[in-house]
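Everything on this sheet refers to the single structure shown next.
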């Protein structure tokens, strides 16, 4: 089966890895998702979804793509074989960030305006649970072992840690102001979160939930992702129109890549 990657230019950044052939990109203003062949750098399809699509996540087997539609208040499920929407799932108010569990059984949706997370059962596309978290949850990530979910809360400036077995918040990590993108290392040992106000990435030790490093990056940072081998972290900076590349071993910015003009809406 072909491998799939997901890019969400509004809130998150996913890394192209060896052998990847397809990218899915949400277009907020056009209410669609573009399918891009990464080997040829060509748009192969455009899929209409809901209003103001934002977060994008792919199932581990590559058969489905899940898209949050902020203004519609739902998640659309795309069948990647035919590039068609097969289900619409109503969630909370203004859904943004989204993540799929490693086994593909659950999808976690950060609902910014209702201050909660919807947990979707992918077997029947129903909301199995709703978890109250912090103020204005904007992004979410699931640990590689599937046992924990981490939710970045923009306004309350903290991270809600979720026990995925019983869908409860087990702890809250106070880390900084106006958090945005969040990512986790492939081994699950570190959590990386963007502090939008201070223009930094905070590195959290997942074993004790303590901040172990603070890394200065570019202006108005938005999205963050860790490469598959865990050696690098990439951060999109919408204000400085570049990407900061971080060495995950010593937590230093090794290079800055100029890209297109950023836009924050």
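The values are calculated or read from the model by the stated rules, or taken from the named source; none is laboratory data. Keep in mind it's a predicted model, so treat the numbers as computed, not measured. Note that we place each Cβ from the backbone using ideal geometry, even for glycine, and neighbour counts take in every protein chain shown.
Restricting the first member to region 25-38 and to residues that are at positive phi and surrounded by 16 or more Cβ atoms within 10 Å (Cβ to Cβ), and the second to residues that are at pLDDT 90 or above and assigned to a loop (DSSP other than H, G, I, E, B), the beta-carbon pairs closer than 6 Å and six or more apart or on different chains are 31/51. Collect the residues in region 205-238 that are free of Cβ contacts under 8 Å to residues at least 60 places away in the same chain and out of contact with any strand residue (DSSP E or B) (no Cβ under 8 Å at 6 or more places or on another chain), keeping them in residue-number order. Scanning region 205-238 gives 207, 208, 229, 230. Give the residue that is farthest from residue 206 (Cα to Cα), with candidates limited to residues of region 132-154 that are over 14 Å from the mean Cα position of the chain (by Cα) and in a strand (DSSP E or B). Here the answer is 132. In the set 129, 110, only one residue is in a strand (DSSP E or B) and either surrounded by fewer than 21 Cβ atoms within 10 Å (Cβ to Cβ) or without any contact (Cβ under 8 Å) to a residue 12 or more places away in the chain (or both); that residue is 129. Checking each residue in region 30-43 for being more than 24 Å from residue 75 (Cβ to Cβ) and part of a strand (DSSP E or B) picks out 37, 42. Return the residue satisfying two criteria in turn: it lies in region 241-265 and is out of contact with any strand residue (DSSP E or B) (no Cβ under 8 Å at 6 or more places or on another chain) and over 17 Å from residue 185 (Cβ atoms), and of such residues it is modelled with the lowest pLDDT. Among those that are out of contact with any strand residue (DSSP E or B) (no Cβ under 8 Å at 6 or more places or on another chain) and over 17 Å from residue 185 (Cβ atoms), it is 265. Consider region 180-197 and keep the residues that are modelled with pLDDT of 95 or more and more than 17 Å from residue 234 (Cβ to Cβ). The one that is surrounded by the most Cβ atoms within 10 Å (Cβ to Cβ) is 188. Counting the residues of region 61-72 that are under 19 Å from residue 112 (Cα atoms) and in contact (Cβ under 8 Å) with a residue 24 or more places away in the chain gives 5. Taking the criterion of being modelled with pLDDT of 95 or more and on the phi > 0 side of the Ramachandran plot, the only residue of region 207-229 that qualifies is 209. Sort out which residues of region 74-107 are free of Cβ contacts under 8 Å to residues at least 24 places away in the same chain and not in a strand (DSSP E or B), and write them in order of number. 81, 82, 93, 105 - these are the residues of region 74-107 that are free of Cβ contacts under 8 Å to residues at least 24 places away in the same chain and not in a strand (DSSP E or B). The residues of region 200-216 include none that are surrounded by 19 or more Cβ atoms within 10 Å (Cβ to Cβ) and over 21 Å from residue 227 (Cα atoms). Right, residue 146: without any contact (Cβ under 8 Å) to a residue 60 or more places away in the chain and closer than 21 Å to residue 59 by Cα or not? When the stated conditions are applied, residue 146 passes them. Say we look at region 44-60 and pick out the residues that are part of a strand (DSSP E or B) and in contact (Cβ under 8 Å) with a residue 40 or more places away in the chain; which of these is farthest from residue 110 (Cα to Cα)? In this case the residue turns out to be 58. Part of a strand (DSSP E or B), buried (at least 22 other Cβ atoms within 10 Å of the Cβ), modelled with pLDDT of 95 or more and over 15 Å from the mean Cα position of the chain (by Cα): does that describe residue 120? Spelling it out, residue 120 is indeed part of a strand (DSSP E or B), buried (at least 22 other Cβ atoms within 10 Å of the Cβ), modelled with pLDDT of 95 or more and over 15 Å from the mean Cα position of the chain (by Cα).
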